[in-house]
Amino acid sequence: RIWMAEPLLRVSDLTLSYIAPQPVLSGVDLQVGTGEFASLVGPSGSGKSSVLRAIMRLQEYQSGEVALGVPVQDVGILFQDDALLPWRTVLQNVALGLRIRGGSKRSSLERAETWLGRMGLAGLGDRYPRELSGGQRKRVALAQVLALQPRFLLMDEPFASLDAIVRRRITGELLEWVERERLTVLMVTHDLEEAISLSDTVHLLSRGPFARISASHEVPIPRPRDLVGVRTHPAFNTLLGKLWQGLEQEVEGTGEVYA
């Protein structure tokens, strides 16, 4: 393990309901250690995104406890859809969060320019989001979040809309940054191979209602990793089989197809 024993996130006995009387989540227990990359997988509609919203206090929950070891302002969020403002340039979008946090205009723009360079977007700061490809927009969204230097990163299927080649390239860049900075991450994904490739631990959420963490699997593959070589490790297919088996057990009899 590369992460520290003290959890940066502790979710205890979390129960969350929307309009229906039956809770979407019931008794969810989850821990993410400092420096750990954890993934949350599960059947569609099981409440994976609801867990992230509860952590960030974007969704009220009925009972349980969510304890963060860092201030909320030290948590970055990357959603499937980027949050770029179409009337601002790429550079202005990346600098926006820095300005909101009190940074001067000059220092915020300089830092934003640095992060665009790190994301391979040097020279594109004067463009608007509509002038970028999907992969470039995702890089801008990453720069926007990482420029704030979060200690904890929450990701909700951030790369699902990208084609395979662009997705692998961007996830590889993110993995390199996470490993170098020992960033703590909790990612929701439908892609089991992606979860194994990136994570130290993969948590399986049961089907809802009354969804809970039904299994947690450590990924015994050393770091640093590359997204091609990791799939040749003997533990990769073994763990992939366990995750598929767990998912099939959860969706058995529901008629659901996992994708």
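The values are calculated or read from the model by the stated rules, or taken from the named source; none is laboratory data. Values in this document were obtained by computation on a predicted structure and should not be read as measured data. Heads up, the Cβs are rebuilt from the backbone with ideal geometry, glycines too, and the neighbour counts pull from every protein chain shown. In case anyone asks, the SASA skips ligands and DNA or RNA and just uses the protein heavy atoms, side chains included. Shrake-Rupley method; radii C 1.70, N 1.55, O 1.52, S 1.80 Å.
Structure data summary
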{"item": "Single condition A235 does not satisfy, out of (1) touching a residue at least 40 places away in the same chain (Cβ under 8 Å); (2) farther than 19 Å from L9 by Cβ; (3) assigned to a helix (DSSP H, G or I)", "result": "(1)"}
{"item": "Answer residue from region 219-239, given it is among the aliphatic types (A, V, I, L, M) and surrounded by fewer than 16 Cβ atoms within 10 Å (Cβ to Cβ) and is nearest to Y61 (Cα to Cα) among those", "result": "A235"}
{"item": "Restricting region 158-196 to residues that are under 30 Å from E250 (Cα atoms), at pLDDT below 90 and of a type in the set (A, V, I, L, M, F, W, C), the residue that is most open to solvent (accessible area, probe 1.4 Å)", "result": "A164"}
{"item": "Candidates Q249, Q149 - the one that is among the polar types (S, T, N, Q), at pLDDT below 90, within 18 Å of the chain's Cα centre (by Cα) and more than 23 Å from G134 (Cα to Cα)", "result": "Q149"}
{"item": "Residue in region 80-100 that is among the basic types (K, R), modelled with pLDDT of 90 or more and within 26 Å of T171 (Cα to Cα) present", "result": "yes"}
{"item": "Inter-residue pairs, beta-carbon under 9 Å, first in contact (Cβ under 8 Å) with a residue 40 or more places away in the chain and in region 55-70, second of a type in the set (F, W, Y) and in a loop (DSSP other than H, G, I, E, B), 6+ apart", "result": "Q59/Y18"}
{"item": "Single residue of S206, S199, S216 found to be open to solvent by 60 Å² or more (accessible area, probe 1.4 Å) and among the polar types (S, T, N, Q)", "result": "S216"}
